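First comes the structure, then the notes that go with it.
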Amino acid sequence: MSMREDVQNTVNRVDQGRLWRRLMEMARIGAIPGGGVNRAAFSREDIAARALLVAWARARNFSVAMDAIGNLFIRRAGSDPRAAPVMTGSHMDSQPRGGRFDGIYGVLAGLEALQAIDEAGVKTRRPIELVAWTNEEGGRFQPCTMGSAVYTGARRLEDFLDVKDNEGVGLRDALAQTLAATPDVARRPIKAPAAAYIEAHIEQGPLLESAGKTIGVVTGIQGLRWFNIEVFGKTDHAGTTPLALRQDALRDAVNIIHALHELTRDAADTVRFTVGRMLVTPNSPNSVASHVLFSADVRHPDPVTIDRLGKAVEPAARKSARQCTIKVTPTLHDDPCVFHPTVVDSIERVANELKLGSMRLSSGASHDAMYMARICPTGMIFVPCEKGVSHNEAENAKSADLAAGARVLTAALLELANKEE
Ligand code: GLV
Ligand code: MN
Ligand code: MN
């Protein structure tokens, strides 16, 4: 099937060079050696990225607003003032050693779609709204996907205000600083209806590249559980205190981590288990550790398995603490999500109409789309990234693939924005 001519004309306005230039301009904000970015949520760099996005949006006369958790919304009006918007977006924050595309690609592909539609002079019935979600990564403040969790009512903003980063800075203060840095952006209430949501993202895995496909039609996201595990011991002299008399928090942390690796061992290599963050007190080579806090991230696509594994974490941790007391705090509980068939089909059809090779796949990484799927028909578009590398400064993607994803996004948004109830 071929694409309707007016849709094709709009899609042709997607400008590969402009999208790439914007990506590279954003990549200068928080640039780190090795070609990556460090743009932690609510950091100076996050604030600068927001300001740049707002400037680009205002240059096209799109309206801009922010809610109480700092989610940033850019809207192109529709012809029906009562209609809920079709939404797209992703995030601008990054991992500490993140790449130039994770998150920001979805935001700038969304801006490219809005601009292409605007330049083509196309009227849509529904508004189209681009959102840059706050703190998707969760590298600085845990958990991840905070902005969309609050927007969709899955979590309350108040639940997160007392979270502290590794330096002891509170989210409450960091958020207040971010909001204060944009006094000229209108405030809007946290919750608002959405008609549909599509998020574009690099795949962050190797499947599209190895299959030689340009477009990933994402069918859903695997489930995940996050925990903070704290071990409470007692600090002592490393040279004098007999081992049997110690309450060594780091030694027990190692015991627990070992037990959790055993718990999640999986010959099929489907379970994902990661301890990626650890804070040790007093963190001195010749003092026994008195306190350790570490994270545990467990993922699986099957709801029964992720439930079983999630429930087994605390008992396994308790059983393996030999000298110390522990506290296990769940910080994230997301069941696997399945995207809406209408949106999935529409992405697949548009990719075919644009003669782009596509395949269906499920997401191993988490995304704000997971929460949006709770409130409206949702789907995602993946494009390949080099060797599947992500959460790494070497993350890379081809300009042509990124533009192809933006074209699919543009056509799919147009279709959804003009759909009758
Ligand atoms: C998001 O980056 C995730 O942890 O999957
Ligand atoms: Mn991401
Ligand atoms: Mn990420």
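The values are calculated or read from the model by the stated rules, or taken from the named source; none is laboratory data. Treat the numbers as computed from the prediction; the structure is a model and nothing was measured. No Cβ is skipped: glycine too gets one built from the backbone with ideal geometry, and neighbour counts run over all protein chains shown.
Couple of notes before you dig in:
- Candidates Gly364, Gly379, Gly357, Gly388: the one that is under 18 Å from Cys144 (Cβ atoms) and either touching a Cys at 6+ places or on another chain (Cβ under 8 Å) or of a type outside the set (A, V, I, L, M) (or both) is Gly364.
- Cross-chain or 6+ apart pairs with Cβ under 9 Å, the range 83-111 first and more than 14 Å from Phe73 (Cβ to Cβ), then among the aromatic types (Phe, Trp, Tyr) and more than 12 Å from ligand 1 (Cβ to nearest atom): Asp93/Phe42; Leu108/Trp56
- Restricting the range 35-44 to residues that are more than 19 Å from Glu395 (Cα to Cα) and in contact (Cβ under 8 Å) with a residue 12 or more places away in the chain leaves a set whose member that is surrounded by the fewest Cβ atoms within 10 Å (Cβ to Cβ) is Ser43.
- Of all residues in the range 165-189, those being without any contact (Cβ under 8 Å) to a residue 12 or more places away in the chain and closer than 20 Å to Arg39 by Cβ number 6.
- Taken together, the residues in the range 87-120 that are acidic (Asp, Glu), away from ligand 3 (no atom under 16 Å from the Cβ) and either surrounded by 24 or more Cβ atoms within 10 Å (Cβ to Cβ) or within 15 Å of the chain's Cα centre (by Cα) (or both) amount to 1.
- Flag not set for Ala84, criterion: under 21 Å from Met372 (Cα atoms) and surrounded by 23 or more Cβ atoms within 10 Å (Cβ to Cβ).
- Once the range 191-211 is narrowed to residues that are among the hydrophobic types (A, V, I, L, M, F, W, C) and surrounded by fewer than 16 Cβ atoms within 10 Å (Cβ to Cβ), the residue that is nearest to Lys164 (Cα to Cα) is Ala192.
- For the residues Thr214, Thr219, Thr235, Thr264, the requirement of being surrounded by 15 or more Cβ atoms within 10 Å (Cβ to Cβ) and in contact with a Lys or Arg (Cβ under 7 Å, 6 or more places away or on another chain) singles out Thr219.
- Test result for Ile198, over 29 Å from Thr329 (Cβ atoms), within 16 Å of ligand 3 (Cβ to nearest atom) and aliphatic (A, V, I, L, M): no
- Residues that are in contact with a Cys (Cβ under 8 Å, 6 or more places away or on another chain) and among the small types (Gly, Ala, Ser) within the range 224-274 comprise Gly233, Ala249, listed in sequence order.
- Residue in the range 379-394 that is crowded, with 20+ Cβ neighbours inside 10 Å, in contact with a strand residue (DSSP E or B) (Cβ under 9 Å, 6 or more places away or on another chain) and part of a helix (DSSP H, G or I) present: no
- One residue stands out among those in the range 70-86 that are within 22 Å of Gln142 (Cα to Cα) and assigned to a loop (DSSP other than H, G, I, E, B): the one that is nearest to the chain's Cα centre (by Cα), which is Asn71.
- Checking each residue in the range 331-369 for being in a helix (DSSP H, G or I) and either charged (D, E, K, R) or within 16 Å of ligand 1 (Cβ to nearest atom) (or both) picks out Asp345, Glu348, Arg349, Glu353, Ala369.
- Qualifying position, being part of a helix (DSSP H, G or I), of a type in the set (Gly, Ala, Ser), modelled with pLDDT of 95 or more and touching a helix residue (DSSP H, G or I) at 6+ places or on another chain (Cβ under 9 Å), among Ala51, Ala109: Ala109
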